Structures are given as structure tokens and as C-alpha cells.
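In what follows, a structure is listed as C-alpha cells, so that the remarks can point back to it.
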Amino acid sequence: MIKYRSISVFASLMALAVMSACEKDEIKTIATPGTAAVLSVNQPVLDLNSADADKEAVVFSWTPVDYGFASVISYTLQLDKKGNNFQKPVEINAGSALKKGLTTSEINGLMINKLKLAAGQAAEVEARVISSLGTSAESMNTVSATQGLSVKPYFVVIVYPAIYVPGSHQGWVPDKAPKLVSVKDDKRFEGYVYFPDETTEFKFTNAPNWNEGDYGSGGPGKLGTSGNLTQKGSGYYLLKADLNNSTWSSLKTIWGVLGSATKGGWDKDHDLAYDPKSGAWTAEVALTQGEVKFRANDDWTLAYGDGNADGVPDTLDNGNIKVDAAGTYIISLNLSNAGNYTYSITKK
């Protein structure tokens, strides 16, 4: 019995020795801090155009990051307005790839919808790329130096239900007529139309043709099926039509700009001049740092601001438009595309 017990104890000691040797021979993998990727942009100036919507507009590429061992590294491209310090950036997951291309429509959508850049105005944007080993190793993330680019996005037209306004002002041609739109799709339509003559006769049509129904006069302020609608006096009119109760109205408008950034402050408008060729109200105005707003007829009944700074006038009078620095500005307000109004305030 003593002999067998000795053999058992010896075997146990040998097993422990083997296990100890295995532990000593184990190779442990330890990640080392990687060197940040070097980011490049192939097109640092982007003047975007809707005609190129499906074409590649820009490619961001970067060097690989080495953490000291073979591993799956993911990269995230970040974009933000210059000066925002990437507090709320657009993030694009590139996976393990070392480059990311964006089409014109893709980057335009990001600039307009995410970064809230103003259409038709060049803005400075910053890009950087972040490498990661995963959420459990966030302390090992690396961040590249920023690369700057200038982006001028284009305005994306939203298609709303519409009726058309053919008449003596444009030769009674429905497919070339201005239109009114129903933003809420509730059969209430509105839009701006320029009438150059002292007396204008017109109709509303359901389509850009004469085949799908039209609306003439049904008496003062009423829509009917016979005769024409009539507007006395030339000018730029806000037209409204409510097909729920067959009514219509018109308001002649003259537009101006005012605010703390203008000489007249919030009490006196600086008038804009209407250009029938461009369909825009424009003026060259000296501004100081502050805020402005557009309004019609020197009255607050009809006023447009831009609370989210996206270059689109807020028709609910939401917020003001900020002016960051003093200078001479070219101001333009275009209300000719119903439901898709735009403005620009560009420093000379």
C-alpha cells in the first residue's frame, strides 16, 4: 500500500509540473497604443450640383493603424462644421476599409440634413477618422488630425401636391404656369405669383394641362367652374386656394429685411427689390453682427426667419437669422418655387 501511495503522489507532482510548464510557455497578446491614421481628401473643394447626384463626389482615405498584433480594426469617419470641435458630428462607419467614397447626393444630404448647411453657400467643414478595437477597448482609440474641405450644397426640391395658375400673365399655358402647393396635403394651397399687368385674368388647374379640371370665379372670394379669376393691380402676390370650401384670396407683398443687424433695427425695414427674371427679392445691405428677419409690407403678419439655420425660410416665423460679422452683404429672398423657398445672405 505504501508503494502504490508513493506512485500516486509522484504522478500528481508530475502533473502539476507539466501544468506549470504550460503556463510558463503561454504567450499573452497585449495591444500597444497605435499611431493615429493619416487622413487625405481627394477633393477639398466641393461645389455640388444635382445633375451629378449619382456620381462620386469625394473620397476620404487613410493610412492603417497598427496596434502591435493582427486584429480587426474598425474606422469611423466624422464630419462637422469648422469650429464645432466635433461635438455633434456626422459619423460614417467605414468598417475595416481604408477609404470611403461619397456620391454627390450622399454628401449633399449629409450637409443639408445633418450639418444644416445653407444651400447655395460655401461652408468650411472638417473631417477626421477614428480607429477602434471595439467598445471594450475604447481607451485604445486613435483620432487622426483634421482635414478641411469647402462644401457648397445644393437645394433639394420637395415635391408637394400642386395646382397651377395659367392666365394672361403667362399666355394661358398650364404646363409653364406658376403653381401653388399644399405642404400638408390638405387641399389648402398657396404660393407667390408675379402679375406684371394692371389687370390679370387667370384660373387654377388641377394639373399642368386643361384636361383634369379647372377653377374660375364663383363670386367674390369664391371658386367656380365658369369665368376667370381677376386680379387688379400689378405686383407680387401671395395666392391661396382652399379646395375644401372653394375659396381663394390674394395679398400683394413687398418684401424687406430688418433686425438688430440692420441700420433701422427692429423698427424700420430695408426694402428689397424684385427681379422678375430671377424671381428673387434682392438688395445690397450694410449689416453689423446681430440678427435679421424677412417680412412683407412693413408688418409682422407675414414674416420669415430661419431658426435652424438651414438656408430655408421658416414660414411659421420660427427664430431669426444670425449675422456673425459686420460687413456689406448681398441679400436674396426667393419665393418663386412654392413650398421650396430659399434665401442667401452673402458677404461681399
When residues of the stretch 294-341 are filtered for being assigned to a strand (DSSP E or B) and more than 20 Å from GLY235 (Cα to Cα), how many remain? 10
Considering only the stretch 249-257, I want to know if a residue exists there that is in contact with a Gly (Cβ under 7 Å, 6 or more places away or on another chain), over 21 Å from LYS347 (Cβ atoms) and not β-branched (Val, Ile, Thr). yes
Can you tell me which residues in the stretch 308-334 are β-branched (Val, Ile, Thr) and either under 13 Å from GLY259 (Cα atoms) or at pLDDT 85 or above (or both)? ILE321, VAL323, THR328, ILE330, ILE331
Do we find that THR247 is closer than 28 Å to LYS184 by Cβ, surrounded by fewer than 20 Cβ atoms within 10 Å (Cβ to Cβ) and touching a Lys or Arg at 6+ places or on another chain (Cβ under 8 Å) in this structure? yes
Out of the stretch 181-204, which residues are within 19 Å of ASN340 (Cβ to Cβ) and either free of Cβ contacts under 8 Å to residues at least 40 places away in the same chain or not in a strand (DSSP E or B) (or both)? SER182, VAL183, LYS184, ASP185, ASP186
Residues that are within 25 Å of the chain's Cα centre (by Cα), open to solvent by 20 Å² or more (accessible area, probe 1.4 Å), within 18 Å of SER61 (Cα to Cα) and of a type in the set (A, V, I, L, M, F, W, C), drawn from the stretch 109-158: ILE130
Counted residues, the stretch 274-291 - those being loosely packed, with under 12 Cβ neighbours inside 10 Å and free of Cβ contacts under 8 Å to residues at least 12 places away in the same chain: 1
Residue, most open to solvent (accessible area, probe 1.4 Å), within the stretch 250-267, restricted to residues that are touching a residue at least 12 places away in the same chain (Cβ under 8 Å) and assigned to a loop (DSSP other than H, G, I, E, B): LYS263
Which residue pairs have Cβ atoms under 8 Å apart, sit 6 or more places apart or on different chains, and have a first residue in the stretch 205-230 that is within 18 Å of ARG188 (Cβ to Cβ) and a second that is acidic (Asp, Glu) and part of a strand (DSSP E or B)? THR205/GLU212; THR205/ASP214; ASN206/GLU212; ASN206/ASP214; LEU229/GLU201
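The values are calculated or read from the model by the stated rules, or taken from the named source; none is laboratory data. Worth saying up front: this structure is predicted, and the values here are computed from it rather than measured. Every residue, glycine as well, gets a Cβ built from its backbone with ideal geometry; the counts of neighbours run over all protein chains shown. Surface areas here come from the heavy atoms of the whole protein model, side chains and all, with no ligands, DNA or RNA. Shrake-Rupley method; radii C 1.70, N 1.55, O 1.52, S 1.80 Å.
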